[in-house]
Amino acid sequence: MSISEYPRLRFFMVNLLKGLVWLSLIAGAYVLFMELVYKDNPEYWIEKFYAKPGQIYGLYLFSEFFFGLFPPELFMVWALHKGSFLMYALNVLFFALVSLGAGVIAFFLGKYLNRALYWRFFQRKFFVKLMPMVRKWGLFLIVVAAATPLPWSGTCLVVGASGYPVRGFLLAALTRLARFAVYGYIIFQTHQF
């Protein structure tokens with residue numbers, strides 16, 4: 001039994017591996033920042049980022065609606081120092097719901113674009129090979145993007161534009177909430193001093 005005999009499993013494993021590589025790079029950058037920059041002057045960074053939480057929440061909203069410019073884990077780490085465990089859990093829940101909502105909006109935007117004439121031209125010109133694969137392996141693509149640092153909103157946009165069924169998307173998108181719960185727990189446990 002070889003992985004090449006199962007194209008869906010191969011697709012899932014390749015994209016999962018890509019997501020894990022990105023997660024490792026983000027974790028490495030975080031460790032380097034903590035060791036080389038933050039450790040020397042934590043008061044400066046705490047004051048700079050915690051004095052204006054509205055800007056941080058706004059940056060998160062912008063990031064999630066515009067294809068995940070910043071990984072949500074950075075905002076989870078930021079939320080750790082906002083107070084009690086309850087406050088942290090509420091922040092993680094807020095981040096999860098915003099992320100899920102951004103993905104759903106992007107999915108329906110993709111559905112709308114699929115009907116637009118200019119999008120069909122764009123699809124034929126650039127996505128001829130991609131769209132059949134997205135239709136075929138959309139479930140795996142949604143789950144991998146929901147569970148890893150791959151661009152969630154961008155993936156949802158493409159899956160919506162491919163004509164993927166709404167119900168299947170919404171069920172698979174719930175994986176995003178599980179990701180936030182697991183990552184939030186891990187971040188909380190690893191930052192207990």
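The values are calculated or read from the model by the stated rules, or taken from the named source; none is laboratory data. Everything numeric in this text was worked out from a predicted model, so none of it was measured. Because the Cβ atoms are built from the backbone with ideal geometry, glycine has one as well, and the counts that use them run over all protein chains shown.
Tallying residues that are under 13 Å from Gly184 (Cβ atoms) and either hydroxyl-bearing (Ser, Thr, Tyr) or in contact with a helix residue (DSSP H, G or I) (Cβ under 6 Å, 6 or more places away or on another chain) (or both) within the range 81-115 yields 6. If the condition is being part of a helix (DSSP H, G or I) and of a type in the set (Phe, Trp, Tyr), then the range 70-85 contributes Phe75, Trp78, Phe85.
Filtering Met34, Met1, Met13 for residues that are of a type outside the set (Lys, Arg), farther than 18 Å from Arg176 by Cβ, assigned to a loop (DSSP other than H, G, I, E, B) and modelled with pLDDT under 80 leaves a single hit, Met1. Remark: pairs (first residue in the range 72-87, on the phi < 0 side of the Ramachandran plot; second residue in a helix (DSSP H, G or I) and of a type in the set (D, E, K, R); Cβ separation under 8 Å; 6+ apart in sequence or on different chains) = Pro72/Glu64. Any idea which of (1) in contact (Cβ under 8 Å) with a residue 40 or more places away in the chain; (2) touching a Pro at 6+ places or on another chain (Cβ under 9 Å); (3) not in a loop (DSSP other than H, G, I, E, B) is the one Gly138 doesn't satisfy? Failing condition for Gly138: (1).
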